[in-house]
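Undergrad: The structure follows.
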Amino acid sequence: MALRLSTIGGPKICIRASKTPHYQTLLFSVCLVPLDAGVIDMNVGLPPRFTQAQSRSATVRRLHFFCRLSLAALIGGVATVGSAQQNKPERLPQSHREVVDAGRTLFQKEWVHTPPDIPEQGTLTDNQYRAKLTSLSGDGLGPMFNAKSCEDCHAGGAGADVDRNVTLITLDPRSPAIVRVANRAFGRAATEKREEVEKVVDDLFPGFISPNGVLSMDVVVHESSSRPFYKPIRDQLAEGVTDGIDAEWFDCAKRTSQAIADRPVIAGRRGELDFYLSQRNSPPLFGLGLIDRIAMSRLMNIARVQAARSKGKVTGRVGDGKFGWRAQTTSLSSFVMGACAGELGLQVPGTPQPPDTADISYVSLGQDLDQNGVRQLVAYVGSLPAPIQERTQADHWAGVRQGKRLFAQAGCAVCHVESVSPARGIFSDLLLHDMGDLLQAPSPSSRGRLQTVSSIAVPRFPRDNRPFGSGRSVASYYGGGSSIGAFAFARPVEPKFPYGRLPVQAIDVRNGGNVMWDSMQREWRTPPLWGVADSAPYLHDGRATTLRSAILWHGGEASESIEKFRSLSKSDGELVIQFLKSLRAPATPRLPDSIFPQEPEEKELANRFVSDESDTPASDDLLDVFRQAY
């Protein structure tokens with residue numbers, strides 16, 4: 001009988017024990033694949049004749065004991081993790097490490113506003129003049145920004161408190177002003193009517209219409225501007241809101257999770273325009289490099305299996321991508337570039353910065369980050385390690401394991417899938433799910449592969465005298481866009497969100513009918529739970545400050561699971577929370593010098609396994625050795 005330990009790229013170690021007539025090929029292969037990826041795969045091969053009775057033989061029980069001993073040394077040495085399913089940052093080649101280090105510098109850089117001198121057009125043609133403007137240096141920070149560095153919102157790669165939330169403003173497509181010109185887009189509306197609606201929109205918030213005349217139904221209400229006259233525009237949004245807007249909701253310096261929980265969406269009205277204010281919390285960046293490597297086909301397979309096993313009760317949907325609260329961003333590179341433009345106001349390749357809300361003629365076409373800078377920043381963010389599951393004392397770990405079982409029994413693991421290769425321990429399916437009325441918010445989810453989405457023709461208001469204005473809305477970075485037809489509710493007398501309660505047949509976005517703006521507002525990407533113990537506040541707007549509160553806000557497809565959670569005894573509910581609190585933020589594990597025990601007492605114990613014929617306690621089930629190791 002042999003216990004063979006092998007490391008990929010390293011020596012194979014084989015430890016032989018006495019053979020039994022009933023067992024010919026017991027082989028344990030413990031592979032570190034590779035060590036610097038922090039992934040441990042355990043494959044156990046058992047011949048058909050290996051029965052429970054035979055497993056109780058003294059030799060096999062001793063083998064169990066040695067497996068426990070060596071695995072404990074392996075797992076305890078490789079990481080401070082009780083699970084074989086954890087991820088670690090890769091050991092980078094020197095050249096790539098330099099790129100990552102350069103990206104870290106950019107991540108931590110505090111940007112300042114440094115606008116270039118704009119030359120006169122003179123005799124240059126429009127195309128020549130635009131090319132000249134593009135060749136200038138960028139303007140640095142802003143003009144519109146929410147932070148001055150990536151580090152401001154993601155210290156060490158973590159998420160942020162609600163003081164760093166992003167505020168969105170969304171127009172309701174059923175607003176009379178929008179309806180009047182929606183079917184006459186691209187300048188075909190009567191000039192008078194177009195100018196009238198343009199003025200109404202600009203009076204509400206000038207950022208809705210970009211310098212080239214495109215109307216965005218969602219835009220960001222930035223916290224600050226590096227140029228003058230913005231603050232009065234931001235503050236006057238309260239004029240269209242019944243009872244105004246509390247500073248604890250709108251002012252980043254005073255904002256609280258409780259204020260958001262009390263009023264998740266603020267509805268307002270300015271004449272013939274209905275609008276909504278909502279917020280998005282900055283998520284952690286841990287493990288995004290692994291998420292970027294997940295194949296979209298894998299998500300589609302998860303969605304199919306999920307729907308079949310739940311008999312249609314849980315029907316996750318693949319969005320446009322794997323990133324963002326609405327699964328709206330396709331790649332890590334797009335995610336990073338969108339943040340640079342939307343949060344810092346940087347001009348990056350393919351992603352223009354937002355226009356100056358207070359001065360639509362402001363021009364800045366030069367790049368703040370070139371392709372190489374983007375590559376460095378993406379490399380750094382992609383190198384941030386995945387979170388770990390913390391293993392503590394034996395009695396505490398037993399509670400964690402029981403909490404994990406209760407988590408699965410409640411149905412939470414249907415959406416919070418533990419591992420999606422290569423992201424092990426992610427606890428997310430990265431799919432969109434209907435989360436119910438309580439979590440409905442403006443700016444709908446991404447369309448993904450939906451084929452029956454009803455659309456509206458978004459009006460266009462050409463800025464004929466401002467051909468060189470720069471920038472466009474970056475709201476699509478925070479949601480799926482709003483050029484989607486809405487359910488035909490009657491306009492309420494007073495502004496409110498939502499307009500009304502959707503009928504059941506309109507909620508299911510997969511029912512074969514036209515998908516509505518309202519139903520897609522209920523869909524959110526399942527947030528990864530790795531690192532959840534250290535990533536409060538929770539939910540898309542940071543309204544929940546505790547894990548229990550975050551759970552209880554769930555609805556829609558999670559309704560049955562929430563009822564099961566509510567029905568748990570107090571002690572069992574606490575075990576579920578104990579499990580979630582074991583999912584810690586990243587720590588860089590120390591690789592062991594050896595995969596074998598190093599302490600004298602441990603060496604003696606290992607030697608006894610090979611030489612001593614006495615029985616040692618062991619599990620009845622060989623596989624349980626590995627289950628307990630997890």
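Undergrad: Quick check on segment 552-588: of everything there that is hydrophobic (A, V, I, L, M, F, W, C) and out of contact with any Gly (no Cβ under 9 Å at 6 or more places or on another chain), which residue is farthest from Ala410 (Cα to Cα)?
TA: Within segment 552-588, the match that is farthest from Ala410 (Cα to Cα) is Ala587.
Undergrad: Yes or no: Ala536 part of a helix (DSSP H, G or I), modelled with pLDDT of 95 or more and within 25 Å of Phe323 (Cβ to Cβ)?
TA: No.
Undergrad: Which number in (1) open to solvent by 20 Å² or more (accessible area, probe 1.4 Å); (2) at pLDDT 95 or above marks the one condition that Val221 misses?
TA: (1)
Undergrad: Given the criteria touching a helix residue (DSSP H, G or I) at 6+ places or on another chain (Cβ under 7 Å), among the hydroxyl-bearing types (Ser, Thr, Tyr), open to solvent by less than 30 Å² (accessible area, probe 1.4 Å) and modelled with pLDDT under 95, does Ser310 qualify? If you could, list the steps in order and put the result at the bottom.
TA: Numbers: touching a helix residue (DSSP H, G or I) at 6+ places or on another chain (Cβ under 7 Å): yes; among the hydroxyl-bearing types (Ser, Thr, Tyr): yes; open to solvent by less than 30 Å² (accessible area, probe 1.4 Å): yes; modelled with pLDDT under 95: yes.
Against the criterion (touching a helix residue (DSSP H, G or I) at 6+ places or on another chain (Cβ under 7 Å), among the hydroxyl-bearing types (Ser, Thr, Tyr), open to solvent by less than 30 Å² (accessible area, probe 1.4 Å) and modelled with pLDDT under 95), Ser310 qualifies.
Undergrad: Do you know which of the residues in segment 398-456 that are among the acidic types (Asp, Glu) and over 30 Å from Phe208 (Cβ atoms) is least open to solvent (accessible area, probe 1.4 Å)?
TA: Among residues in segment 398-456 that are among the acidic types (Asp, Glu) and over 30 Å from Phe208 (Cβ atoms), the one least open to solvent (accessible area, probe 1.4 Å) is Asp429.
Undergrad: Follow-up. Quick one: would you say Pro228 is open to solvent by 40 Å² or more (accessible area, probe 1.4 Å) and of a type outside the set (Gly, Ala, Ser)?
TA: Details: open to solvent by 40 Å² or more (accessible area, probe 1.4 Å): yes; of a type outside the set (Gly, Ala, Ser): yes.
In short, yes.
Undergrad: Right, next: Just give me the residues in segment 153-172 being over 18 Å from the mean Cα position of the chain (by Cα) and open to solvent by 10 Å² or more (accessible area, probe 1.4 Å), in sequence order.
TA: Asp163
Undergrad: Taking the options Lys148, Lys199, Lys132, Lys193, name whichever one is basic (Lys, Arg), part of a loop (DSSP other than H, G, I, E, B) and either out of contact with any strand residue (DSSP E or B) (no Cβ under 9 Å at 6 or more places or on another chain) or at pLDDT 85 or above (or both).
TA: Lys148
Undergrad: State whether the residues of segment 281-295 include one that is without any contact (Cβ under 8 Å) to a residue 40 or more places away in the chain, among the basic types (Lys, Arg), open to solvent by 10 Å² or more (accessible area, probe 1.4 Å) and assigned to a loop (DSSP other than H, G, I, E, B).
TA: No, segment 281-295 contains no residue that is without any contact (Cβ under 8 Å) to a residue 40 or more places away in the chain, among the basic types (Lys, Arg), open to solvent by 10 Å² or more (accessible area, probe 1.4 Å) and assigned to a loop (DSSP other than H, G, I, E, B).
Undergrad: Name every residue in segment 241-263 that is over 30 Å from Pro115 (Cα atoms), surrounded by 21 or more Cβ atoms within 10 Å (Cβ to Cβ) and not aliphatic (A, V, I, L, M), in order of residue number.
TA: Trp249, Arg255, Ser257
Undergrad: When segment 74-115 is examined, which residues are found to be open to solvent by less than 80 Å² (accessible area, probe 1.4 Å) and modelled with pLDDT of 90 or more?
TA: Within segment 74-115, Val99, Val100, Asp101, Ala102, Gly103, Leu106, Phe107, Trp111, His113, Thr114, Pro115 meet the criteria.
Undergrad: Something else: Select from segment 532-543 the residues that are of a type outside the set (Phe, Trp, Tyr), out of contact with any Asp or Glu (no Cβ under 9 Å at 6 or more places or on another chain) and crowded, with 20+ Cβ neighbours inside 10 Å and list them in ascending order.
TA: Result: Val532, Ser535, Leu539, His540, Asp541.
Undergrad: Please enumerate the residues belonging to segment 122-156 that are in contact (Cβ under 8 Å) with a residue 12 or more places away in the chain and of a type in the set (S, T, N, Q). Step through it out loud before you land on a result.
TA: First, pick out the residues of segment 122-156 that are in contact (Cβ under 8 Å) with a residue 12 or more places away in the chain: 126, 129-130, 132-154.
Answer for segment 122-156, where residues must be in contact (Cβ under 8 Å) with a residue 12 or more places away in the chain and of a type in the set (S, T, N, Q): Thr134, Ser135, Ser137, Asn146, Ser149.
Undergrad: Got a number for residues in segment 240-278 being part of a strand (DSSP E or B) and among the hydrophobic types (A, V, I, L, M, F, W, C)?
TA: Residues in segment 240-278 being part of a strand (DSSP E or B) and among the hydrophobic types (A, V, I, L, M, F, W, C): 5 in total.
Undergrad: Between residues in segment 160-176 that are within 16 Å of Pro498 (Cβ to Cβ) and residues that are charged (D, E, K, R) and modelled with pLDDT of 95 or more, which pairs lie under 6 Å by C-beta distance while being six or more apart or on different chains?
TA: Pairs found: Asp172/Asp274; Ser175/Asp274.
Undergrad: Could you figure out which of (1) in contact (Cβ under 8 Å) with a residue 60 or more places away in the chain; (2) within 25 Å of Pro387 (Cα to Cα) isn't true of Arg309?
TA: (2)
Per-residue answers, yes or no, for (1) out of contact with any Cys (no Cβ under 9 Å at 6 or more places or on another chain); (2) hydroxyl-bearing (Ser, Thr, Tyr); (3) buried (at least 23 other Cβ atoms within 10 Å of the Cβ); (4) at pLDDT 95 or above:
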residue	(1), (2), (3), (4)
Gly500	yes, no, no, no
Pro503	yes, no, no, no
Ala506	yes, no, no, no
Met520	yes, no, yes, no
Trp530	yes, no, yes, yes
Leu547	yes, no, no, yes
Phe565	no, no, no, yes
Leu568	yes, no, no, yes
Glu574	yes, no, no, yes
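Undergrad: List every residue pair whose Cβ atoms sit under 6 Å apart, with the two residues 6 or more apart in sequence or on different chains, where the first one lies in segment 185-210 and is farther than 29 Å from Lys231 by Cα and exposed (fewer than 15 other Cβ atoms within 10 Å of the Cβ) and the second, anywhere, is of a type in the set (S, T, N, Q) and at pLDDT 90 or above.
TA: Matching pairs, first to second residue: none at all.
The values are calculated or read from the model by the stated rules, or taken from the named source; none is laboratory data. Keep in mind it's a predicted model, so treat the numbers as computed, not measured. Note that we place each Cβ from the backbone using ideal geometry, even for glycine, and neighbour counts take in every protein chain shown. Ligands, DNA and RNA are excluded from the accessible area calculation, which covers all protein heavy atoms including side chains. Shrake-Rupley method; radii C 1.70, N 1.55, O 1.52, S 1.80 Å.
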